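Read the structure below first, then the notes.
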Amino acid sequence: MISKLLIANRGEIACRIIRTAREMNVATVAVYSDADRHAAHVRAADEAVHIGPPAAAQSYLDGEKIIAAAKETGAEAIHPGYGFLSENAGFAQAVIDAGLIWVGPKPSSIEAMGLKDSAKERMIAANVPVTPGYLGEDQSVERLKAEADAIGYPVLIKAVAGGGGKGMRKVDDPANFEADLQSCKREAKASFGNDEVLLEKWITSPRHIEVQVFGDAHGNVVHLFERDCSLQRRHQKVIEEAPAPGMDEATREEICAAAVRAAKAVDYEGAGTIEFIADASEGLRADRIFFMEMNTRLQVEHPVTEEITGVDLVEWQLRVASGETLPLTQDELFIDGHAIEARLYAEDPASGFLPSTGPLEHFDLGNVGRIETGVEEGDVISPHYDPMVAKLVAWGDTRDEAIEELAAIAEGVEIWPVKTNAAFLANALLDDDFGDANLDTGFIERKLDALVGADDADDAIWQTAADFTLMAAMDDTVPSALGFRLNAAPRIAATLGYKGEVRTVSARGKQDAAHATGFVEDARTLVFADGQSFEFTRDARGTGAAAAGDGAILAPMPGKVIAVDVAEGDKVNAGQRLMVLEAMKMEHALTAPFDGTVTQLCASEGGQVQVEAMLAVVEKDEG
């Protein structure tokens, strides 16, 4: 077994690998850029090596620095995680050439699946179903246009070296083909240094189905069933689940067997994923599920497979890289329950999903379900790397149970001041069509406005903010301090501002704030509800109102009278300030409940009063 492992990555996947390595008594080495000097993965590892400035090209993508760090620390192996250098065959070979263990597939396997056109040719030879299309060497506009006409519109143009949704164009109208082709080729050249493309028939009701495969150096290959990754935004996965809803046993057996054939065709070792596109217009059928590509690494969404199989895929990676055989045979693997994962991003859906960066002054993801994250409270979301904050994972005996738990986890997210897509995730999970498994890759785009929703504070949020504000001011003793009586009106209020709107809201007590959480600081009140954060500015003086219908002005709490604005006999208007009470380091203005006359004044400036002490009486004007 490997005794010391360097993780050539950062964030949540680095933390994830470190956790399993520690359970296996494998020492760990982290690498970090200037931006990650104090990051969670650095703190979690046994050792850490600085590898450069924040820019990934000068740190996490610098293979020479990473190999040097392994040599320097005596690490025997390098685990690339996902992203960065994980599918770089040249780096994998350099690791091996340096006498180190590469925790991943052989470089030849990575190369074989790296280009979409050659990969499809291999899959055809291995009897793996592929999408009808064209992947020839003739890249002339005339040939590609003729092939598109033969395939039939709509068609999909894809960069052969593409990934992550780049270098892809759907063409609906033959008249637009040439312009879309040139646009696609320009993007492919800029992103991948290769402008060659292939053509595929556009699937009208597409679902993204993928199969987890695993091979060892002894010729064994198994699958660990399928995942559904259909909920995507701009070709980026958002919510993934396992098993795929609506997948019958016969179809599962055929598609998983095809995935094993695909892995064997490239002599695959380690963890990998065969990705398929399914035409789900008539449900999931084996004759309508086609190979797209292979990811020659661990997937972001691997936790859902772990949850339904009980397998630790990182442990399997380390064992296979150490030369062991697969821990389980195909007959020993089975599906237990249902798991769903949602990707929590630092972005603002209400502002077009713009990235949100900065310090995590408040960070609480709860203690339910499985949370995979690489940040903690006090850390900073950097603009230099992927904005994923965490993966939220829930398991249930049934899909409905998993949905319910994951939606609750998303709604319970408390992060501030960084914005997240937590409410967006909860809305997607609770959508009726998602619950009924009416899924395809266009789900999010069709429902985008409804899923994003509004970030305005409704009356209930304003009320909660007022309750929290006054509870904090009175040291969490609101019910007694306010002197609540059955059917009595509240006696104090808070003046709050949100997005330019100012309201004075009466507090009702902490029993009414149970649907939300939050905290109060000197100048603001924060409310967390349904996955969103609401920041209210606060008028430090506060406001108050009389409680009793007879015009009696009672002290809402023990305190000191610091100002008296009226005298007996004065005429006053509803809402007019009568006096100011200082308590719990806050000022509370007591106001007239209606138009009338001050008939009694029982308090004087500088005087101390107890809760419910009579301070004044206002007699209501007749008529």
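Some points to look at:
- Subset of the stretch 341-363 (residues that are open to solvent by 20 Å² or more (accessible area, probe 1.4 Å), in contact with an Asp or Glu (Cβ under 6 Å, 6 or more places away or on another chain) and free of Cβ contacts under 8 Å to residues at least 60 places away in the same chain): 354, 355, 363
- Screening the stretch 508-606 for strands (runs of 3 or more DSSP E) wholly inside it with 1 or more residues that are open to solvent by less than 50 Å² (accessible area, probe 1.4 Å) and at pLDDT 90 or above returns the ranges 517-520, 524-529, 532-538, 559-564, 577-583, 596-601.
- Listed by first and then second residue, the pairs with beta-carbon distance under 8 Å, at least 6 apart or on different chains, first residue in the stretch 164-181 and acidic (Asp, Glu), second buried (at least 18 other Cβ atoms within 10 Å of the Cβ) and assigned to a strand (DSSP E or B), are 180/157; 180/169; 180/171.
- Scanning the stretch 202-217 for any residue that is open to solvent by 20 Å² or more (accessible area, probe 1.4 Å), at pLDDT 95 or above and closer than 30 Å to residue 320 by Cα turns up at least one such residue.
- Residue check, residue 37 among the basic types (Lys, Arg) and open to solvent by less than 20 Å² (accessible area, probe 1.4 Å): no
- Under the condition of being in contact with a helix residue (DSSP H, G or I) (Cβ under 9 Å, 6 or more places away or on another chain) and open to solvent by 20 Å² or more (accessible area, probe 1.4 Å), the residues counted in the stretch 365-377 number 8.
- Flag for residue 331 being surrounded by fewer than 22 Cβ atoms within 10 Å (Cβ to Cβ), charged (D, E, K, R) and within 27 Å of residue 226 (Cβ to Cβ): yes
- Tabulated pairs, the stretch 221-239, first at positive phi and surrounded by fewer than 24 Cβ atoms within 10 Å (Cβ to Cβ), second modelled with pLDDT of 95 or more and part of a loop (DSSP other than H, G, I, E, B), C-beta under 6 angstrom, 6+ apart or interchain: 225/243; 225/335
- Here the stretch 280-289 is the region considered, the condition is being open to solvent by less than 30 Å² (accessible area, probe 1.4 Å) and touching a helix residue (DSSP H, G or I) at 6+ places or on another chain (Cβ under 7 Å), and the residue that is farthest from residue 203 (Cα to Cα) is 286.
- Looking across the stretch 398-413, just one residue is acidic (Asp, Glu) and under 20 Å from residue 452 (Cβ atoms), and that is 411.
Residue by residue, here is whether (1) under 28 Å from the mean Cα position of the chain (by Cα); (2) farther than 24 Å from residue 383 by Cβ holds:
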{"residue": "16", "(1), (2)": "yes, no"}
{"residue": "20", "(1), (2)": "yes, yes"}
{"residue": "35", "(1), (2)": "yes, no"}
{"residue": "40", "(1), (2)": "yes, no"}
{"residue": "57", "(1), (2)": "yes, no"}
{"residue": "70", "(1), (2)": "no, yes"}
{"residue": "85", "(1), (2)": "yes, no"}
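- Residue within the stretch 110-117 that is at pLDDT 90 or above and either exposed (fewer than 15 other Cβ atoms within 10 Å of the Cβ) or within 19 Å of residue 202 (Cβ to Cβ) (or both) present: no
The values are calculated or read from the model by the stated rules, or taken from the named source; none is laboratory data. Model, not experiment: these values are computed from the prediction. Using ideal geometry, Cβ is built from the backbone for each residue, glycine included, and neighbour counts are taken over all protein chains shown. When the accessible area is computed, the model is the full protein with side chains, heavy atoms only, and any ligands, DNA or RNA have been set aside. Shrake-Rupley method; radii C 1.70, N 1.55, O 1.52, S 1.80 Å.
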